[in-house]
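Chemist: My questions all concern the structure below.
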Amino acid sequence: MKYYLQCVQCNHITPDFKAWFAQNQVCPVCGNKHSEAWYEDDPNYTKLPALLEDADTYKGVFKNTFWRYFDYLPLRDSTHVVSLNEGAVPIEQWAFLEDYARSQYHIDLQVYVCRNDLNGGTGTFKDIAASLAASVLRENGVEQYCVASTGNTATAYGRYLALAGINASIFIPEDALQVSEASISAYGQQALRAHGDYAKAKEIAGQYAQKYQVLISTGNIDPLRVEAKKTMVFEWLRQLKRIPDVYIQAVSGGTGPIAVDKGMREVQKHKNYAALQMPRLIMVQPDGCDPMTTAWETAQKQGFQDGFEKQYPIIPNPQTSIPTLATGNPATYPIVAKLVQKTNGAFLRMHERKLADYGKLVAFERNVLLGPASAVCVAGFFESLQKGLLHNGEMVLLNIGEGIGRAPDFLNQLKATSSLIDSVEQCKPHTKSALRQALWQAIQN
Ligand SMILES: Cc1ncc(COP(=O)(O)O)c(C=O)c1O
Ligand SMILES: [Zn+2]
C-alpha cells in the first residue's frame with residue numbers, strides 16, 4: 001500500500017518501514033543494507049507533472065515544503081508529518097559567476113544555486129532528511145533513535161526528532177563544532193561526543209544500537225535520507241523546468257549524489273521525463289579530508305580498471321577545518337564513484353586555506369553568508385572552470401548546502417575591512433569597488 005522497500009541486490013520486497021525496522025533494516029534474504037522505496041499506488045508517476053507546476057497553482061497543504069511530493073514519500077498518513085518549512089528552497093541565478101566565466105574563460109554558462117541555507121529547520125540540506133525521518137519514525141511508533149554524524153545531520157535530527165517527541169542519542173566526532181553539540185542538547189536530545197574521529201563515533205553508535213536495541217540511521221544509503229533528498233531533482237524540474245547539465249556539491253558521505261540518481265530514476269518513469277539525463281556530477285572535497293578525490297585521481301591515472309571503485313584510502317583522524325566534511329573512511333565511494341563515472345563527472349579538491357576567500361566573495365557579491373561546506377562547493381565551481389570541465393551553453397547547479405548559522409566561527413574569518421580607530425581623522429568615506437577587486441584577486445591567486 002502506497003510504497004514498499006526493495007533490496008537493490010536481490011529485489012526482495014519489504015512491505016513497509018514497520019517490517020524494515022523489525023528486520024533490523026537489512027534484507028532478510030541477502031543481508032544487504034541498501035533497499036529503495038518505490039510507490040505502488042502510482043508507479044508511473046502520473047501525478048508528478050501537476051506537482052511540478054508552480055507553488056501557486058498547486059493546492060496542497062504542504063506547497064512550500066518538500067512535502068508537496070507527499071505522494072512519492074514513504075509516509076502513509078499526512079497527519080504524521082513533522083515539518084519546519086524545509087525543501088522547496090529557492091534556486092537562484094548567480095550572474096556574478098556567469099560574468100566571471102564569460103570574461104575569464106569566454107564561455108556562456110547559466111549558473112544556479114540551490115539555497116539550502118534557507119531551510120527552516122537548521123538551515124542545511126539535511127533538514128529534509130530529518131523531517132522525513134522524524135515523520136516516518138513517528139508514524140511507526142518509534143520512541144528511541146540514534147545516529148552518528150559529523151554535524152549537520154546531527155543537529156537536524158536532534159531538532160526534528162525532538163519535535164516529533166522521539167528520544168535521540170546523537171554521536172558526533174571529537175572535532176564536531178561546539179554549536180552542533182549545543183543545539184542537539186538544547187533541544188533536549190543526548191549529544192555524545194566520541195573521543196576520536198567520525199569513524200569512531202559511528203563505531204560506538206553501532207555498539208550502542210546493539211546493546212540497547214535502539215534503531216540507528218543506516219548512513220548514506222538509508223532510504224529515509226535518500227527519499228527526502230531525491231526531491232532535489234523534483235525541485236530542479238519545478239523551478240528550472242529542466243535538469244542542469246552539471247551538479248556541483250561538496251561531498252562527505254555521498255547521500256547527495258546517491259539521492260540525485262534515485263530522483264532521476266523516478267522522474268524517468270513518467271513518459272514526459274523518460275529521456276532526461278543525469279547531470280554530470282562534480283564532487284568537491286577539501287584538501288584536509290579528500291579520500292574520494294585521491295582515489296579518483298589514482299583510478300584516472302590507471303585508466304579506470306575493472307573494480308577501480310573498490311580502491312580508496314582511509315584517512316584516520318582527518319585534519320580539516322570543515323568538520324562537517326570529515327568523513328575519512330568513505331564507505332560509499334564504490335557507489336558514488338560509479339555514478340560519477342557514468343555521468344562523465346569528476347571528483348575535485350579545493351584548498352582549505354582559501355576557504356574564507358570564497359565566503360567573502362559571495363558575501364560581497366550576493367549578500368549571502370555561506371557556511372564552510374558551501375564555500376567548498378563554490379570553490380569547486382572555480383576549480384571546474386580552471387580544469388575545463390564546464391562547457392559553453394551549459395547550465396550548472398551548485399548546492400549551497402548550509403548557511404553561516406551552522407558555523408558562526410567561520411563568520412569571524414569573513415572580516416574583510418575593519419580597522420581600529422581613535423579619531424575621525426583616521427576615517428574617510430568608503431568605496432566598495434576597491435574591495436571588490438581585492439576579493440576577486442584573492443580567488444584568482
Ligand atoms: C552543507 C553540506 N554540504 C555537503 C555535505 C555532504 O553531503 P553528502 O556527502 O552526504 O552528500 C554535507 C554533509 O554533511 C553538508 O552538511
Ligand atoms: Zn536482498
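Chemist: Distances over 21 Å make up what percent of all Cα-Cα pairs in region 85-165?
Modeler: Result for the distance tail: 45 percent.
Chemist: Checking the cross-link filter: which aspartates and glutamates have an alpha carbon closer than 16 Å to that of Lys271, excluding same-chain neighbours under 8 positions apart?
Modeler: Straight-distance partners of Lys271: Asp42.
Chemist: Still on this structure, please answer the following. If you add up the charges near Leu109, with Lys and Arg at +1 and Asp and Glu at -1, over every other residue whose beta carbon is less than 12 angstrom from its beta carbon, what do you get?
Modeler: Numbers: positive: Arg102; negative: Glu98, Asp99, Asp108, Asp245, Glu394.
Charge balance near Leu109 sits at -4.
Chemist: Which whole-number percentage describes the relative contact order of the chain, with Cα contacts under 8 Å and a sequence gap of 6 or more?
Modeler: It comes to 16 percent, rounded to a whole number.
Chemist: If the cut-off is a Cα-Cα distance under 17 Å, which lysines reach Lys2, setting aside same-chain residues fewer than 8 apart in sequence?
Modeler: Lys18, Lys47, Lys269
Chemist: Taking square-rooted eigenvalues a ≥ b ≥ c of the alpha carbon gyration tensor, is region 168-276 rounded, prolate or oblate, where a/c under 1.5 means rounded and, failing that, a/b exceeding b/c means prolate?
Modeler: prolate
Chemist: Might you tell me the accessible area per residue for region 345-445, computed with a 1.4 Å probe and given in Å²? Don't skip to the end; give the middle numbers.
Modeler: Details: 5130 Å² over 101 residues.
Each residue of region 345-445 exposes 51 Å² on average to a 1.4 Å probe.
Chemist: When Lys and Arg each count +1 and Asp and Glu each count -1, what net charge do the other residues less than 10 Å away from Met395, Cβ to Cβ, add up to?
Modeler: Once all neighbours under 10 Å are counted, the net charge is -1.
Chemist: What shape does region 113-218 have by the C-alpha gyration tensor, where a ≥ b ≥ c are the square roots of the eigenvalues, rounded means a/c under 1.5, and otherwise prolate means a/b greater than b/c and oblate the rest?
Modeler: Judged from the Cα gyration tensor, region 113-218 comes out oblate (a/c at least 1.5, b/c at or above a/b).
Chemist: Additional query: Could you work out how far the C-alpha centroid of region 389-418 sits from that of region 73-115, in angstrom?
Modeler: Centre-to-centre distance over Cα atoms comes out at 13 Å.
Chemist: Then there is this: Could you give the angle, 0 to 90 degrees to the nearest 10, between helix 231-240's Cα long axis and the longest principal axis of the Cα atoms of the chain?
Modeler: 50
Chemist: A follow-up question, please. Mind pulling the angle between the C-alpha long axis of helix 198-212 and the longest principal axis of the chain? Nearest 10 degrees, somewhere in 0 to 90.
Modeler: Tilt of helix 198-212: around 20 degrees.
Chemist: Would you work out what percent of the accessible area of the chain, with all protein chains in place, is carbon or sulfur (probe 1.4 Å)?
Modeler: Carbon and sulfur together cover 48 percent of it.
Chemist: Here is a follow-up. Report the Cys residues of the chain lacking a disulfide-compatible partner, meaning no second Cys Cβ under 4.7 Å from their Cβ.
Modeler: Unpaired cysteines in the chain: Cys114, Cys146, Cys289, Cys377, Cys427.
Chemist: Still on this structure, I have one more. Does anyone have the angle between helix 372-386 and the longest principal axis of the chain? Alpha-carbon axes, 0 to 90°, nearest 10?
Modeler: 70
Chemist: Let me ask something else about it. Using mean Cβ contacts within 10 Å as the protection proxy, how do 304-317, 385-398, 67-80, 114-127 order, highest first? The partial results should precede the final answer.
Modeler: On the way: 304-317: 13.4, 385-398: 16.9, 67-80: 19.0, 114-127: 24.8.
Packing order, densest peptide first, comes out as 114-127, 67-80, 385-398, 304-317.
Chemist: Tell me which of Thr153, Pro257, Leu137 sits at the most positive position along the dipole axis of the chain, charges placed on C-beta atoms (Lys, Arg +1; Asp, Glu -1).
Modeler: The listed residue farthest towards the positive side: Pro257.
Chemist: Next up: What translational D, rounded to a whole number of µm²/s, comes out for the chain from Stokes-Einstein when the hydrodynamic radius is the Kirkwood one over Cα pairs, at 37 °C and 0.692 mPa s?
Modeler: Once the numbers are plugged in, D ends up at 146 µm²/s.
Chemist: So what's the net charge close to Glu139: Lys and Arg +1, Asp and Glu -1, counting the other residues with Cβ under 15 Å from its Cβ?
Modeler: Result for the neighbourhood of Glu139: 0.
Chemist: Out of residues 5 or more away from Met395 or on other chains, whose amide H comes under 5 Å of its own, with H placed 1.01 Å from N in the peptide plane?
Modeler: So Met395 has HN proximity to Gln110, Asp245, Val246.
Chemist: Then there is this: Stick to the Cα atoms of region 71-116, pair each with every other, and give me the Kirkwood hydrodynamic radius in Å at one decimal.
Modeler: 13.7
Chemist: Let me ask you something else. Arrange the peptides 410-418, 154-162, 230-238 so that the one whose residues have, on average, the most other Cβ atoms within 10 Å appears first.
Modeler: 154-162, 230-238, 410-418
Chemist: How would you classify region 317-403 from its alpha-carbon gyration tensor, with a ≥ b ≥ c the square roots of the eigenvalues: rounded for a/c under 1.5, else prolate if a/b is greater than b/c, otherwise oblate?
Modeler: oblate
Chemist: What order do you get for 341-349, 145-153 when each peptide is scored by the mean count of other beta carbon atoms within 10 Å, highest first? Could you put the intermediate results ahead of the total?
Modeler: Details: 341-349: 19.7, 145-153: 27.6.
Descending mean neighbour count gives 145-153, 341-349.
Chemist: While we're looking at this one, here's another question. Restricting attention to the alpha-carbon atoms of region 51-193, what are Rg (one decimal) and Dmax (integer), both in Å?
Modeler: 18.1, 57
The values are calculated or read from the model by the stated rules, or taken from the named source; none is laboratory data. Quantities reported herein were computed from a predicted structural model and do not represent experimental measurements. Neighbour counts are summed over all protein chains in view; Cβ atoms, including those assigned to glycine, are modelled from backbone coordinates with ideal geometry. Surface accessibility is based on the protein's heavy atoms, side chains included, excluding ligands, DNA and RNA. Shrake-Rupley method; radii C 1.70, N 1.55, O 1.52, S 1.80 Å.
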